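Written out below as structure tokens is the structure these notes cover.
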Amino acid sequence: MSNIAFNRLQRECKEVVTNSEISETGIMIEILNENLTEIKGHIRGPPDTPYAGGMFDLDIKIPDQYPFSPPNVKFSTKIWHPNVSSQTGVICLDILKDQWAASLTLRTVLLSIQALMCTPEPKDPQDAVVAKQYMEKPAVFKATAEYWTTKFAKGAVKNAGYQALVDKLKDMGVREEEAVSVLSCNNWDINRSTVYIFS
Amino acid sequence: MDDEDMSCTSGDDYAGYGDEDYYNEADVDAADDVAVTPTHSEEADYECLSVNQVERVFIDGVNSLVSRISINEKFARILLQANHWDVDKIARLVRNDRNDFLRKCHIDAKPEPKRKLSSTQSVLAKGYCSVCAMDGYTELPHLTCGHCFCEHCWKSHVESRLSEGVASRIECMESECEVYAPSEFVLSIIKNSPVIKLKYERFLLRDMVNSHPHLKFCVGNECPVIIRSTEVKPKRVTCMQCHTSFCVKCGADYHAPTSCETIKQWMTKCADDSETANYISAHTKDCPQCHSCIEKAGGCNHIQCTRCRHHFCWMCFGDWKSHGSEYYECSRYKENPSVAAEANHVKARRALEKYLHYFERFENHSKSLKMEEELRDKIRKKIDDKVNEHNGTWIDWQYLHKSVSLLTKCRYTLQYTYPFAYFLSATPRKNLFEYQQAQLEKEVEELAWAVERADGTARGALEAHMHRAEHKRQTLLHDFFF
């Protein structure tokens, strides 16, 4: 890693850590190794969204050409969102691709991701299944995203109905994560989900 | 090299190069001997330019724009490049809404650039570069947008963009600022790094040439020549330096009478594996139970699927168990066959046969052309022998040489009639085309026969063959290309 990148990352980390942002904006970073190539990001689910109350973790990898190339950022906490892959956590966000500018920082990246959580862009989806549900069945989308937040990001909203369906599949020997994923993709239709899994 | 040496229009002393490469020859050659006067030339009107001469073309473009609208020269280049060097269009759009147009072309042409503070800069000390997060810089270069960054960061930014192949579209480093860095600025940043400078200049030239509708790089290997032509038809150009000849529009091998789009489609079809799919379709069937793809390797029609262990009949797809005694039902033709799936196989097989028909002929002519290269050498030797035996002079035997040149030229055109025919839909026009193609085919083969056996006794007959072949070729090109 070049000197520019190292100096800058040190400053950036300080910027986020010392600003006590976690209390104000709900973002935080955690350094994983000494040469600053791998960083953990945390975003608190924004209020008035299905992600409220959850704490989402992100894996941040810093490329050699940083800050002239964008950092590689993806969710490590599973999240139900049109612009994030429900399987891999890959994020579709312009500033992480062609709209990256060297003057952007980890702080602005995390804030942009937080903004994306508030206002999804289903027209430019990363996960087509989620985007379709978001547009066609907004109520189901909201409930599903909330369920995922509780399940994977320590959220507080309980959904006994969904949990019962998941338990039903679990009783049939399906792993919990797969059960949640398949039910979510099939709009919580237990029959279609079982057909999908066992055919 | 002297620049002037390279500038040479297609008409100048052209036949001299023709001997080196058969399809480079200008039409004039054949027209001299064969009494067909082509009404159109297959040769594009063009010049070969050196890098320095091309720079002149760019400067002329910039000057003509600057004389029309009031704009700084460094912006003129960006404008011209973004608008295919169309001075009239630029002048019109500038008059329409100058600021909006310039902004769309990534130019910030405010009269006096003010230093803007970059987003995170406001609270920090003077001389601070927000990219490397260091302060105390005495100089912070900036574009006309006014976003300041240190020279070292600018340089790293330029290097990073160059490694992605971006040269003329290097943006300001500020987020959401889309102003492009003019070449003058970039060069001042990288002035002390000759390697980067060389790379930048090479990429910049590439971008400029590609944006210019009349310029095209010679496709020859490592050839620095740039072809300038205003030709609209996909005619042929030949580089004066490396003698490569290609289509002036698309840069592929010259392909009359086929159009650029069609030849591209044809080449993609030949190159990619779309035919693999056709093969699979034509030579395999799906297991009626589990639908896995099965290729029959042996002669037996009793198939057992290796995946689901289902036994079935290759011909009627029926279960083999019920087959047993009444096997020969399969051979009887049924008016309304229950095996509807068969139709798809037949269709795919037809498509494959059609493609192979045209492809085999295209390939065959390509091979013949290679072999006739050897024929050319043989004829050359034959001429030498005759001259050494004092049997006529070198000039006397040149018609033999010309006959091979004409043969290759006709065969070359003939080869490229096949992609054309493949993509032609079945209309009366196709009938006419195929008729003319057949005529040309016949003449070319007769000429080939005559040339291979030419012993210098039947000049008249040979020239008659040449005349007819060239005539057919010209007719076909005239009806379907010009």
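The values are calculated or read from the model by the stated rules, or taken from the named source; none is laboratory data. Since the structure is predicted, the reported quantities are computational estimates derived from the model, not experimental observations. Methodologically, a virtual Cβ is constructed for each residue, glycine included, from the backbone with ideal geometry; neighbour enumeration extends over all protein chains shown. Please note that ligands, DNA and RNA were not included when accessible areas were found on the heavy atoms of the full protein model with its side chains. Shrake-Rupley method; radii C 1.70, N 1.55, O 1.52, S 1.80 Å.
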*Could you tell me which of A:I197, A:P138, A:S181 has its Cα farthest along the dipole of region A:128-198 towards the positive end, charges placed at Cβ (Lys, Arg +1; Asp, Glu -1), taken about the Cα centre?*
A:P138
*Given charges at Cβ of Lys, Arg, Asp, Glu: the protein assembly as shown dipole, positive-most of B:S64, A:T149, B:M134*: A:T149
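Would region A:128-198 count as rounded, prolate or oblate if I go by the C-alpha gyration tensor, calling it rounded below 1.5 in a/c and otherwise prolate when a/b exceeds b/c, oblate otherwise?
oblate
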*With a ≥ b ≥ c the root eigenvalues of the C-alpha gyration tensor of the protein assembly as shown, is it rounded (a/c under 1.5), prolate (a/b larger than b/c) or oblate?*
oblate
_Those GluC sites (Glu not before Pro) in region B:121-192 that DSSP places in a loop and that have at most 14 other beta carbons within 10 Å_ = B:E139, B:E164, B:E176
_So if I take the centroid of the Cα atoms in region B:446-482 and the same for region A:94-160, what is the distance between those two points in Å?_
71
*Using a 10 angstrom cutoff on alpha carbons, build the Gaussian network for chain A and name the most mobile of A:T149, A:T37, A:T108.*
A:T108
_Relative contact order of region A:135-199, please, whole-number percent, based on alpha carbon pairs below 8 angstrom and at least 6 residues apart._
21
*Using only C-alpha positions, report the orientation-averaged shadow area of the convex hull of region B:366-428, nm², one decimal.*
5.4
*asked:* Using a 10 Å cut-off around each Cβ of peptide B:167-179, what is the average number of partner chain Cβ atoms that fall inside?
replied: 3
*Top mean-square fluctuation among A:D59, A:D94, A:D127, Gaussian network model of chain A, C-alpha springs under 10 Å?*
A:D94
*Taking the Cα atoms of region B:121-259 alone, what are Rg (to one decimal) and Dmax (as a whole number) in Å?*
20.6, 69
*In square angstrom, rounded to the nearest 10, how much accessible surface does B:F423 have for a 1.4 Å probe?*
70
*asked:* From Cα pairs below 8 angstrom and at least 6 apart in sequence, can you work out the relative contact order of chain A, rounded to a whole percent?
replied: 16
*To the nearest 10 degrees, how steeply does helix A:106-118 sit against the main Cα axis of chain A, on a 0 to 90 scale?*
30
*Go ahead and run the numbers for FRET between B:T138 and B:D100, Cβ-Cβ distance against an R0 of 51 Å, rounding to 0.05.*
0.90
*Alpha carbon centre of region B:347-413 versus region A:17-91: separation in Å?*
68
*Using alpha carbon centroids, what distance separates region B:95-111 and region B:205-227, in Å?*
29
*To the nearest whole number, what is the average tally of beta carbon atoms from other chains within 10 Å of the beta carbons of peptide B:133-146?*
1
*So what's the net charge close to B:K155: Lys and Arg +1, Asp and Glu -1, counting the other residues with Cβ under 12 Å from its Cβ?*
+1
_Across A:K97/B:K191; B:K233/B:K264; B:K126/B:K197; A:K61/A:K97; A:K74/B:K199, pairs whose alpha-carbon gap is larger than 23 Å_ = A:K97/B:K191; B:K126/B:K197; A:K74/B:K199
*About its Cα centre, what dipole magnitude does region B:429-469 give when the only charges are +1 on Lys and Arg Cβ and -1 on Asp and Glu Cβ, stated in debye to the nearest 20?*
200
*Under a GNM of chain A (C-alpha, springs under 10 Å), which listed residue has the highest mean-square fluctuation: A:K61, A:K142, A:K14?*
A:K14
*Could you tell me the number of lysine pairs in region A:128-198 with C-alpha atoms less than 23 Å from each other, where the two lysines are 8 or more residues apart or belong to different chains?*
14
*With +1 on each Lys and Arg Cβ and -1 on each Asp and Glu Cβ, and nothing else charged, work out how big the dipole of region A:3-118 is about its Cα centre, in Debye to the nearest 20.*
60
*Shielding of B:154-160 by partner chains, average beta-carbon count, 10 Å*: 3
